[in-house]
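A.B. asks: Okay, here's the structure, questions in a sec.
The values are calculated or read from the model by the stated rules, or taken from the named source; none is laboratory data. Note that the structure is a prediction, hence the values are computed from the model and not measured. Using ideal geometry, Cβ is built from the backbone for each residue, glycine included, and neighbour counts are taken over all protein chains shown. Remember, those area values only see protein heavy atoms, side chains included, never the ligands or the DNA or RNA. Shrake-Rupley method; radii C 1.70, N 1.55, O 1.52, S 1.80 Å.
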Amino acid sequence: IPDGTAATYAINAVSGITATDKGRFITFEGTGADKAATISDGSSFILEDGATWTAKSGSSIVFQILDATTLVEVAGSRIQTA
């Protein structure tokens, strides 16, 4: 996930997922620096302890697909760089 072009940005929705994807895993890898994207706990992303993840370079997070609109963080998968 790269930096935003002008500012940081929030990823707050998912698309392109179907019912047949249920149970699969998706890994997000950050490549951002000063305009890194963020993912916050909400209806589309369920994060462990509700903690926001930032897509800084070297960071990664794994989600399991719950349904076509919801991803759940896999406990212990988060790598968050400063």
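A.B. asks: Suppose we keep just the DSSP beta bridges with both residues in the chain; what percent of those would be antiparallel, to 5? Mind dumping the intermediate values first?
C.D. replies: Numbers: 12 of 17 bridges.
So the antiparallel bridges in the chain amount to around 70 percent.
A.B. asks: Just the number please: accessible area per residue for the chain, 1.4 Å probe, all protein chains included, in Å². Working shown, then result.
C.D. replies: On the way: 4630 Å² over 82 residues.
It amounts to 57 Å² per residue over the chain.
A.B. asks: So if I place +1 on the C-beta of Lys and Arg and -1 on the C-beta of Asp and Glu, and nothing else carries charge, what would the dipole magnitude of the chain be about its Cα centre? I want it in debye, nearest 20. It would help to have the intermediate numbers written out before the result.
C.D. replies: Working: 5 positive and 9 negative charges, 26 e Å.
The calculated dipole for the chain is roughly 120 debye.
A.B. asks: Take each of the peptides 60-66, 20-26, average the number of other beta-carbon atoms within 10 Å over its residues, and list them starting from the highest. Could you put the intermediate results ahead of the total?
C.D. replies: Working: 60-66: 18.6, 20-26: 11.0.
Ranking the peptides 60-66, 20-26 by packing returns 60-66, 20-26.
A.B. asks: Also: Report, to the nearest whole %, how much of the accessible area of the stretch 1-76 belongs to carbon and sulfur atoms, 1.4 Å probe, protein only. Show your work: numbers first, answer last.
C.D. replies: On the way: 2230 of 4210 Å².
The C+S portion of the solvent-accessible surface of the stretch 1-76 is 53 percent.
A.B. asks: Figure the gain on full extension for residue 74 and residue 24 (residue separation times 0.36 nm, minus the Cα-Cα span) and round it to one decimal in nm. Don't jump to the answer; show the numbers that get you there.
C.D. replies: On the way: separation 50, 0.36 × 50 = 18.00 nm, distance 1.12 nm.
Using 0.36 nm per residue and subtracting the Cα-Cα distance, I get 16.9 nm.
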